[in-house]
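Notes follow once the structure below has been shown.
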Amino acid sequence: MSEPVMGVGICRPPALRKIALLATALSLLGCAAWSMPVLAADAPPADLVYSVESAKAAKSLMLDVVHAGKRLVAVGDRGHILYSDDQGNTWTQAKVPTRQLLTAVFFVDDQHGWAVGHDAQILASEDGGVTWTKQFEDLKRESPLLDVWFKDVNSGFAVGAYGALLETTDGGKHWEDASDRLDNEDQFHLNAIAAVKDAGLFIVGEQGSMFRSADWGQTWEKLEGPYEGSLFGVIGTAQPNALLAYGLRGNLYRSSDFGSNWEQVDLQAARGSLEFGLSGATLLDDGSIVIVGNGGSVISSSDNGETFTVFNRPDRISVSAVTAAGNGNLILAGQGGVRATSPTGAELSK
């Protein structure tokens with residue numbers, strides 16, 4: 001059995017491997033038929049329910065955190081979306097039309113952002129994450145979208161369970177099923193999508209599945225990856241054509257040619273040791289890379305991912321995402337909510 005990881009439970013029919021992406025906090029959910037209608041953004045919402053306001057939201061399960069300009073925005077359990085304008089010292093809860101688990105968020109500028117989650121929901125904000133509208137959902141399925149990426153305010157993609165690939169060309173007013181562009185006959189779960197500098201888009205997922213697109217999503221090439229276990233994330237480095245893919249048991253791989261060839265990054269040689277899987281990453285303004293994972297692992301690289309130092313937080317609380325605080329520190333999101341830490345991931349001095 002693979003190690004348990006935090007956040008999203010997915011199950012698939014017996015013929016295919018069942019995984020639990022980020023599932024220390026949530027039990028596995030049931031499987032449902034995978035249909036893909038197209039929903040207009042201005043379609044009347046059915047039984048619109050808003051997330052419950054909670055003073056403890058910043059301490060609840062949060063699965064992703066990003067920047068909207070200088071503002072920080074985090075998403076997570078029960079439809080909670082939080083934002084901070086003081087580098088993560090205090091957080092305000094946004095008005096969000098869902099109570100479903102939200103798995104990922106992406107902002108293309110300081111105003112326009114999208115969040116995805118269970119029931120294949122896609123939410124959008126045009127005011128830096130203060131308020132949100134629902135653009136897409138399918139209540140008949142019980143499987144999540146797991147990541148979202150936008151090129152500009154019009155063009156974007158969302159990926160998820162059972163090989164889901166959705167595309168919009170009008171800022172999310174309409175979402176179309178683009179799953180048939182991928183050679184993914186087994187419908188492996190697609191866990192993450194990211195841009196690679198001067199190269200294109202890259203997707204990773206279940207059982208080491210990899211896909212790349214040199215034309216920014218119009219056509220896709222299936223690759224034979226270096227690892228047969230699930231990959232939970234991918235990130236481009238500051239170096240052209242270079243990227244990192246990471247997943248179960250701390251497996252981390254680097255490519256300098258847009259995924260044609262891979263080398264495993266030896267984390268055992270790093271200062272410290274890595275015990276658990278890796279689940280989220282960020283590229284800092286200075287070109288440094290920080291990757292986080294289960295058991296409180298925070299690993300950092302200043303050479304475009306060729307080598308890393310390892311820090312394991314004493315609290316061992318699983319971390320699913322990381323970004324810069326804006327003042328040299330980090331913001332971690334995970335089982336303990338959102339928190340500011342030192343550049344290494346350690347607690348700040350009080």
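The values are calculated or read from the model by the stated rules, or taken from the named source; none is laboratory data. The model shown is predicted, which means the values in this text are computed figures rather than measured ones. Backbone-built Cβ (ideal geometry, glycine too); neighbour counts: all protein chains shown.
One table, with the values for the structure above:
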quantity: Meets criteria (within 28 Å of THR103 (Cα to Cα) and at pLDDT 95 or above) for GLY250; calculated: no
quantity: Checklist (1) surrounded by fewer than 21 Cβ atoms within 10 Å (Cβ to Cβ); (2) in contact (Cβ under 8 Å) with a residue 24 or more places away in the chain; (3) within 20 Å of ILE122 (Cα to Cα) applied to ASN241, failing item; calculated: (3)
quantity: In segment 164-202, the residues that are over 28 Å from ASP110 (Cβ atoms) and touching a Phe, Trp or Tyr at 6+ places or on another chain (Cβ under 6 Å); calculated: ARG181, LEU182, GLN187
quantity: Residue match in segment 101-108 (condition: touching a Lys or Arg at 6+ places or on another chain (Cβ under 7 Å) and surrounded by fewer than 24 Cβ atoms within 10 Å (Cβ to Cβ)); calculated: no
quantity: Cross-chain or 6+ apart pairs with Cβ under 7 Å, segment 88-105 first and within 17 Å of GLY128 (Cβ to Cβ), then among the charged types (D, E, K, R) and outside any strand (DSSP E or B); calculated: GLN93/GLU53
quantity: Filter result (in contact with a Lys or Arg (Cβ under 7 Å, 6 or more places away or on another chain), modelled with pLDDT of 95 or more, within 27 Å of TRP262 (Cβ to Cβ) and in a strand (DSSP E or B)) within segment 291-334; calculated: VAL298
quantity: Selection status of ARG212, surrounded by fewer than 23 Cβ atoms within 10 Å (Cβ to Cβ), modelled with pLDDT under 95 and out of contact with any helix residue (DSSP H, G or I) (no Cβ under 8 Å at 6 or more places or on another chain); calculated: no
quantity: Verdict on GLY280 being of a type in the set (Gly, Ala, Ser), closer than 21 Å to PRO240 by Cα and buried (at least 22 other Cβ atoms within 10 Å of the Cβ); calculated: yes
quantity: Residues that are on the phi > 0 side of the Ramachandran plot and touching a residue at least 24 places away in the same chain (Cβ under 8 Å), drawn from segment 302-333; calculated: ASN304, GLY305, GLY326
quantity: Flag if GLY160 is touching a Phe, Trp or Tyr at 6+ places or on another chain (Cβ under 7 Å), at pLDDT 95 or above and surrounded by 24 or more Cβ atoms within 10 Å (Cβ to Cβ); calculated: no
quantity: Hits in segment 203-236 (condition: over 16 Å from ILE193 (Cβ atoms) and assigned to a loop (DSSP other than H, G, I, E, B)); calculated: GLU224, PRO226, TYR227, GLU228, GLY229
quantity: Where LEU21 falls short, out of the listed (1) more than 27 Å from GLY326 (Cα to Cα); (2) outside any strand (DSSP E or B); (3) modelled with pLDDT under 95; (4) in contact with a strand residue (DSSP E or B) (Cβ under 8 Å, 6 or more places away or on another chain); calculated: (2)
